[in-house]
There are 2 protein chains.
Amino acid sequence: MAQKPSIPKGTRDFGQMEMARRNYIFDTIKGVFRLYGFQQIETPAMENLSTLMGKYGEEGDKLLFRIQNSGEKAALAPEKGLRYDLTVPFARYVVQHREELSFPFKRFQIQPVWRADRPQKGRYREFYQCDVDVIGSDSLLGELELIQIVEEVYRRLGINVCLHINNRKILAGIAEVIGAPDKMIDITVAIDKLDKIGVEAVNAELKERGLNDEQIAALQPILNLSGSTADKLTALKTILASSEVGLKGIAELEEVFELFNSQLSTSLNSKPSTLNIELDLCLARGLNYYTGAIFEVKALDAQIGSITGGGRYDNLTGIFGLPNVSGVGISFGADRIYDVLTELDLFPKELQSTTQILFATFGDAELHYALGWAKELRAHDIAVEVYPEPTKMKKQMAYADDKKIPYVAIVGGNEMETNTVMLKNMATGEQKQVTLAELIGNL
Amino acid sequence: MAQKPSIPKGTRDFGQMEMARRNYIFDTIKGVFRLYGFQQIETPAMENLSTLMGKYGEEGDKLLFRIQNSGEKAALAPEKGLRYDLTVPFARYVVQHREELSFPFKRFQIQPVWRADRPQKGRYREFYQCDVDVIGSDSLLGELELIQIVEEVYRRLGINVCLHINNRKILAGIAEVIGAPDKMIDITVAIDKLDKIGVEAVNAELKERGLNDEQIAALQPILNLSGSTADKLTALKTILASSEVGLKGIAELEEVFELFNSQLSTSLNSKPSTLNIELDLCLARGLNYYTGAIFEVKALDAQIGSITGGGRYDNLTGIFGLPNVSGVGISFGADRIYDVLTELDLFPKELQSTTQILFATFGDAELHYALGWAKELRAHDIAVEVYPEPTKMKKQMAYADDKKIPYVAIVGGNEMETNTVMLKNMATGEQKQVTLAELIGNL
């Protein structure tokens, strides 16, 4: 036999169980998005290279997959590339379709993206992103709704999470008061790594990026602020008293907290909230287009990094010639959520099989008989399989076992005579003879 | 302002309304697939070129999109290509994962495919395929289930269809009895065009493909067979009396018809069947891997060609080194089904908006008040939006209009005092003051 076929490194096949679990995550998230009036769009897998190039930094340009028509001469430079994220196609979409859209435009998008990264554990060359954004309004209601969406998604999934929140304007204010207003990006990029590399390495990087010792020293008490969110905000107000933008950032955060806290959990939600919120002054997020609130969500019971993140941007569509359109968005990391649910054993058991019952038969007449029952059950919206041949009973039962089908209806001559089937519960092994009406009632 | 951004020719953006309609089609089809125990898989967008090349004929190889890592030298030949259909990746999947799968393996797959075809009306470079197959069994139950799936999908969508059915073994028998047993593929390819180019052009092509006048003359009465399916089968049995394979094909078809007809529609289905079945001896289907039953489905009330097609194959996985695995599958053409539903105005009206109610407010206090109501409604699984700013009422109402939101809850000082909202039905213009409990009851 020939060599086993394979797929490109960094890509994955998803079998039926993985798909059931992935769909559970996507359906949960979509259900919550829709509760808030967000509507789905899709964009093509390939975009013009001119749309993609220069949007992700030099490093990003190198990670784009380029596409060549087979007919094209190899010498011809490719003009198309695979989508690298959902944010740039979204900005392109908003500018291209702006006359057809009602603003504020609330959209979600769940599609794969491709990056020519070196594949490694947990990092793939094809993976899904799951983005939700509202664009065309600078109301802080946007931030509120995204936090509520995070709360509701993780409540439904049963994952305890902490939402870390910060505001880019506070970071700008900090850069201002330590006397390095032009170094906001450098400070951001460096302190973004605090969790990973520790305070000394961050300080070394700050120095490398041109901050002097005095400025670095001035930054330390801010990085070390502790206590409750209210305590931190009070201390910050003093520290940033001379920075207009810094105070604006504090005011925005305070309003978001106030809005969220005034929305008391209703008694109607059967499950309690699984969300904590924490002001995290070391949260910076690498991307340069954020201008206001920034978020990151971490699972409390699993060590896996950020599972959701995003923030407010004021000029995302500017790159395509439509300036000054404010928006706010977040992205759910489906692969990491999958890993958390697996690690904590939180996937619902009923995802194991969609088929509720298999008919196993002893002969052709029985098979025919089973087909009639199957049709009747399907008319009641019950998912049914009929084993396609009256082969060895052991083989038919093994098929039900493999597919984790919870019930098998065994049909022999006796069952046909009495107009019944022998219903076997595969979990308990229990068997009983039932009529069609009883079977429908049972399932 | 800069030039408006655009997308590559032959690709499409799908806005919220198109997505709602496309999801309606996909969800309907998936719901029926699951009733029969088919389970979803997904494969990567990119496959190794060695997996794809030589599988679609010379023409197909030219239509493959090839992928280059940006890091790779342009001189380096690309090693990956975008998926051209779902059949070859499915065959690759079955061979690669054969040890993990339970056979018969019933899978469905709904993913985009890419072809570097010249774009034209109704032909795109990126489009979705929607495939369902059972592999690892030669039982004609497979054919029966696929026909039942076609019947149920189109019943649910409300489209009147005719399922044309034929059998490749009958075509082989015909080639045999007219004395051109080695010309089965040539005959197949030529008569596949009968509908499009007419009998004379088909005969000319047959001659070009090496059939002599006698053979072409012998073929004519078969192409012209008329009457009911039973009449045609009776006549064929005489014509193909000397061909073992031809008689096998007739017997297979007869059994499929008998199985289907014995499965009388149950009284429980509220909507009657919208399916006719017709034996069509001119149906050949271009693809060479079919070996048994072949199907094509046409909408009766729209001129749009085939909207579903497929057939039985005995050696699909042979190309990857696993011979003699029989299967049968069909593919639903989502784009064409979309066009039929549009032309016949069959999309459900409730797809127009997922949001059931918009809160429109006169001031900040009212906005705050509305947020509390929104949270309460969402806890009842009602999709709600709150207009994010208390701007001009006209603008807020226009937003509801644009998004086709059926109800607006208007909140002013009076409503806050009486703990109510003014509920406006956007279709009738009717307004009434309601309490929260009344509103929940209303929606």
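Overview of results
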item	result
Residues being aliphatic (A, V, I, L, M) and more than 7 Å from every other protein chain (Cβ to nearest Cβ) - total across region B:36-50	1
Residues that are farther than 20 Å from B:GLU143 by Cβ, assigned to a helix (DSSP H, G or I) and touching a helix residue (DSSP H, G or I) at 6+ places or on another chain (Cβ under 7 Å), drawn from region A:353-396	A:GLU376, A:LEU377
Matching residues, region A:359-370, being closer than 19 Å to A:LYS395 by Cβ and at the interface with another protein chain (Cβ under 8 Å from one of its Cβ atoms)	A:LEU367
Of the criteria (1) more than 7 Å from chain B (Cβ to nearest Cβ); (2) modelled with pLDDT of 95 or more; (3) in a loop (DSSP other than H, G, I, E, B), which one A:GLY10 fails	(2)
A:PHE33 being assigned to a loop (DSSP other than H, G, I, E, B), closer than 27 Å to B:ILE357 by Cα and either more than 10 Å from chain B (Cβ to nearest Cβ) or of a type in the set (Phe, Trp, Tyr) (or both)	no
Residue under evaluation A:PRO8, criteria (1) assigned by TED's automatic domain parsing to the domain that holds A:THR317; (2) surrounded by fewer than 21 Cβ atoms within 10 Å (Cβ to Cβ), criterion not met	(1)
Of all residues making up region A:94-122, the number that are within 8 Å of chain B (Cβ to nearest Cβ), of a type in the set (Gly, Ala, Ser) and touching a residue at least 12 places away in the same chain (Cβ under 8 Å)	1
Condition check for A:MET19: within 7 Å of another protein chain (Cβ to nearest Cβ) and either free of Cβ contacts under 8 Å to residues at least 40 places away in the same chain or within 30 Å of B:GLN96 (Cα to Cα) (or both)	yes
Members of region A:401-428 found to be in a loop (DSSP other than H, G, I, E, B) and either touching a helix residue (DSSP H, G or I) at 6+ places or on another chain (Cβ under 8 Å) or surrounded by 13 or more Cβ atoms within 10 Å (Cβ to Cβ) (or both), listed by number	A:LYS403, A:LYS404, A:ILE405, A:PRO406, A:GLY412, A:ASN419, A:THR420, A:MET426
Search result, residues across region A:394-413 that are within 12 Å of A:TYR369 (Cα to Cα) and touching a strand residue (DSSP E or B) at 6+ places or on another chain (Cβ under 9 Å)	A:ALA409, A:ILE410, A:VAL411, A:GLY412
Any pair with Cβ under 9 angstrom, 6 or more apart, that starts in region A:53-65 at a residue that is more than 7 Å from chain B (Cβ to nearest Cβ) and surrounded by 18 or more Cβ atoms within 10 Å (Cβ to Cβ) and ends at one that is aliphatic (A, V, I, L, M) and not in a helix (DSSP H, G or I)	A:TYR56/A:LEU63; A:TYR56/A:LEU64
Odd one out for A:ASP381 among (1) within 14 Å of chain B (Cβ to nearest Cβ); (2) on the phi < 0 side of the Ramachandran plot; (3) surrounded by fewer than 18 Cβ atoms within 10 Å (Cβ to Cβ)	(2)
Residue in region B:15-26 that is of a type in the set (Ser, Thr, Tyr) and over 18 Å from the mean Cα position of the chain (by Cα) present	no
Odd one out for B:LEU344, checked against (1) away from chain A (no Cβ under 11 Å); (2) under 28 Å from B:VAL153 (Cα atoms); (3) over 18 Å from the mean Cα position of the chain (by Cα)	(3)
Number of the condition not met by A:GLY321 [criteria: (1) more than 16 Å from the chain's Cα centre (by Cα); (2) crowded, with 16+ Cβ neighbours inside 10 Å; (3) in contact (Cβ under 8 Å) with a residue 60 or more places away in the chain; (4) within 14 Å of chain B (Cβ to nearest Cβ)]	(2)
Residue match in region B:38-45 (condition: closer than 22 Å to A:ASP402 by Cα and either outside the structural domain of B:GLU143 (by TED's automatic domain parsing) or of a type in the set (A, V, I, L, M) (or both))	yes
Residues located in region B:13-30, provided they are in a helix (DSSP H, G or I), touching a strand residue (DSSP E or B) at 6+ places or on another chain (Cβ under 7 Å) and aromatic (Phe, Trp, Tyr)	B:PHE26
Given (1) part of a loop (DSSP other than H, G, I, E, B); (2) out of contact with any Leu (no Cβ under 9 Å at 6 or more places or on another chain); (3) farther than 30 Å from B:ASN425 by Cβ, number of the condition B:GLY318 does not satisfy	(1)
Within region B:384-404, tally of residues that are β-branched (Val, Ile, Thr) and more than 8 Å from every other protein chain (Cβ to nearest Cβ)	1
Residue match in region B:75-90 (condition: in contact with a strand residue (DSSP E or B) (Cβ under 7 Å, 6 or more places away or on another chain), more than 8 Å from every other protein chain (Cβ to nearest Cβ) and among the hydrophobic types (A, V, I, L, M, F, W, C))	yes
Qualifying residues in region A:111-130 (those that are crowded, with 22+ Cβ neighbours inside 10 Å and under 16 Å from the mean Cα position of the chain (by Cα)) - the one nearest to A:GLY81 (Cα to Cα)	A:TRP114
Members of region B:100-114 found to be of a type in the set (D, E, K, R) and modelled with pLDDT of 95 or more, listed by number	B:LYS106, B:ARG107
Some residue of region A:262-274 being in contact with a His (Cβ under 7 Å, 6 or more places away or on another chain), more than 14 Å from every other protein chain (Cβ to nearest Cβ) and at pLDDT 85 or above	no
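The values are calculated or read from the model by the stated rules, or taken from the named source; none is laboratory data. Predicted model, so just to flag it, every value in this text is computed and none were measured. Glycine gets a Cβ as well: all are built from the backbone with ideal geometry, and neighbour counts include every protein chain shown.
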